[in-house]
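**Q** Take a look at the following structure, please.
Nothing in this text is a laboratory measurement; each read-out follows from the coordinates by a stated rule. Just so it is clear, the structure is predicted and the values come from calculations on it, not from any experiment. All Cβ positions, glycine included, derive from the backbone under ideal geometry; neighbour counts span all protein chains shown.
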Ligand code: PMP
């Protein structure tokens with residue numbers, strides 16, 4: 001099956017989505033699919049949100065697009081103001097783009113320009129983590145630690161080094177406290193900075209809760225605070241990629257708020273447009289902005305569709321739904337119910353090694369052996385089988401893994417809409433259990 005749309009080549013191989021109805025997508029045969037993963041953590045308001053639809057119609061009646069080289073727009077200004085008001089301390093500027101990879105590219109270039117403008121031209125290296133994903137454009141791909149995605153493009157990728165992710169289930173030692181493990185994992189950054197030479201390093205990039213490559217793996221308490229201290233000690237920018245885990249997915253508008261950490265830059269996308277429009281953003285501190293303003297006065301970057309009025313209008317309506325309609329506490333509440341339902345269903349399952357996550361961002365890791373945590377042989381393609389069985393059952397979920405890294409296994413990522421009802425949590429876990437058991441039996 002082709003993995004992307006290539007015009008006529010997908011006809012007949014994929015069902016045609018014709019309608020959205022709350023947490024469900026409906027295909028041309030009338031079959032309903034419960035969206036248990038929001039595609040890939042995109043559709044946080046489901047597929048038929050009235051407020052977003054109205055906002056889009058209203059904006060279309062005013063102006064759809066005016067190039068940012070000439071104009072700003074009311075929705076873009078309002079969006080920036082609202083994001084800044086809700087962002088971690090120090091974040092003071094917003095750069096609107098069209099998606100996650102664009103946000104990460106902008107972050108890398110802004111970091112480099114910041115160091116040039118502040119007289120530190122030797123700083124150009126990026127440190128990131130293994131088992132991370134930051135996008136598919138070349139800079140973002142270089143930053144990510146997903147070897148399977150990187151392998152064939154390696155000659156085109158700028159040099160980036162990767163340390164271990166904070167992955168409690170696999171890496172916390174027997175008898176080690178969470179705190180001690182978090183410190184130990186963070187110390188890898190210190191060691192890597194020293195190895196490269198602090199004066200050559202410009203940024204450390206990480207997802208506060210790892211999404212696609214590990215299946216909703218949150219950092220242990222204290223890890224990110226230690227990372228912040230290490231970056232500060234060496235004058236390195238901390239870039240947190242919240243493209244997947246941000247915009248309320250964890251029960252906080254920005255995931256790092258729960259960790260009590262304020263980064264220098266944050267990237268967001270996915271849930272910001274909730275699938276109604278393609279939009280992403282790079283947020284940065286006032287200090288970074290002021291350095292560029294006082295220097296060349298111009299960030300050497302840009303895309304045609306930046307600050308698109310329709311996209312910004314959708315994002316404003318999405319933010320209003322999340323913040324004004326009580327969806328953050330709802331994510332925490334329904335997230336706890338989803339966690340409980342998963343534990344109830346899979347807690348004793350012989351091939352479920354770990355159930356984890358925050359809010360409505362949950363992961364289930366599959367293992368051949370629970371005692372030894374041995375993963376399944378990637379050749380078994382368990383994750384692809386689970387995806388197919390779930391889809392046949394009418395459930396969209398996001399299984400991954402197996403092929404990424406020899407030591408790590410298959411997992412299923414769940415990121416349902418924030419409006420998910422109790423009965424739909426039941427439907428999700430029942431269908432997922434059926435899919436996993438059928439895939440294991442195949
Ligand atoms: N960063 C993270 C953490 C992501 O999960 C993704 C998308 N899965 C991206 C960046 C790239 O976003 P996009 O696909 O919108 O370019």
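**Q** Can you pull the one-decimal nm distance between simple spin-label points at residue 196 and residue 14, each 7 Å off the Cα toward Cβ?
**A** 3.5 nm
**Q** Let me ask something else. Could you work out the relative contact order of the chain, using alpha carbon pairs under 8 angstrom and six or more residues apart, expressed as a whole percent?
**A** 22 percent
**Q** Counting each DSSP H run of 4 or more residues in the chain as -39500 (n - 2.57), what helix-only mean residue ellipticity at 222 nm follows after dividing by all residues, to the nearest 500 deg cm²/dmol?
**A** -12000 deg cm²/dmol
**Q** Let me ask another. Looking only at 273, 307, 295, which one moves most when the chain is put into a Gaussian network model with springs between Cα atoms under 10 Å?
**A** 295
**Q** Quick one: order 51, 381 by neighbouring beta-carbon count within 10 Å, fewest to most.
**A** Numbers: 51 15, 381 18.
Fewest-to-most ranking of 51, 381: 51, 381.
**Q** For residue 229 and residue 438, what is the calculated FRET efficiency with R₀ set at 45 Å and r taken between the beta-carbons, to the nearest 0.05? Working shown, then result.
**A** Numbers: r = 47 Å, r/R0 = 1.05.
FRET efficiency, residue 229 to residue 438: 0.40.
**Q** Hey, another quick one. Would the chain count as rounded, prolate or oblate if I go by the C-alpha gyration tensor, calling it rounded below 1.5 in a/c and otherwise prolate when a/b exceeds b/c, oblate otherwise?
**A** Oblate is the answer for the chain, as a/c is 1.5 or above yet b/c matches or exceeds a/b.
**Q** Note the full-extension length gain between residue 325 and residue 337 as 0.36 nm times their separation in residues minus their Cα-Cα distance, in nm to one decimal. Mind dumping the intermediate values first?
**A** Working: separation 12, 0.36 × 12 = 4.32 nm, distance 1.97 nm.
2.3 nm is the gain from fully extending residue 325 to residue 337.
**Q** In addition: What order do you get for 56, 189, 382 when you list them from fewest to most C-beta neighbours inside 10 Å?
**A** Ranking 56, 189, 382 by Cβ neighbours within 10 Å, fewest first, gives 56, 189, 382.
**Q** Now a separate question. Whole number please: convex hull volume per residue of the Cα set in the stretch 123-209, in Å³? If you can, show how the numbers build up before the last one.
**A** Working: hull volume 8.7 nm³, N = 87.
In the stretch 123-209, the Cα convex hull volume per residue is 100 Å³.
**Q** In a Gaussian network model over the chain where Cα atoms closer than 10 Å are linked, find which of 342, 116, 283 has the largest mean-square fluctuation.
**A** Of 342, 116, 283, the Gaussian network model singles out 116 as fluctuating most.
**Q** At a 10 Å Cβ-Cβ cut-off, how would you order 355, 322, 279, fewest neighbours first?
**A** 355, 322, 279
**Q** Taking R0 as 51 Å, what's the FRET efficiency between residue 71 and residue 370 from their Cβ-Cβ distance, rounded to 0.05? Please list the in-between numbers first.
**A** On the way: r = 58 Å, r/R0 = 1.15.
With a Förster radius of 51 Å, E is 0.30.
**Q** A further question follows. Which of 54, 429, 13 moves the most in a Gaussian network model of the chain with Cα springs under 10 Å?
**A** 13
**Q** Tell me, what is the FRET efficiency for residue 293 and residue 62 to the nearest 0.05, using R0 = 35 angstrom and their Cβ-Cβ distance as r?
**A** Numbers: r = 30 Å, r/R0 = 0.86.
Between residue 293 and residue 62 the formula returns 0.70.
**Q** Just for the chain, what percent of DSSP beta bridges are antiparallel, to the closest 5?
**A** Of the beta bridges lying entirely in the chain, close to 65 percent run antiparallel.
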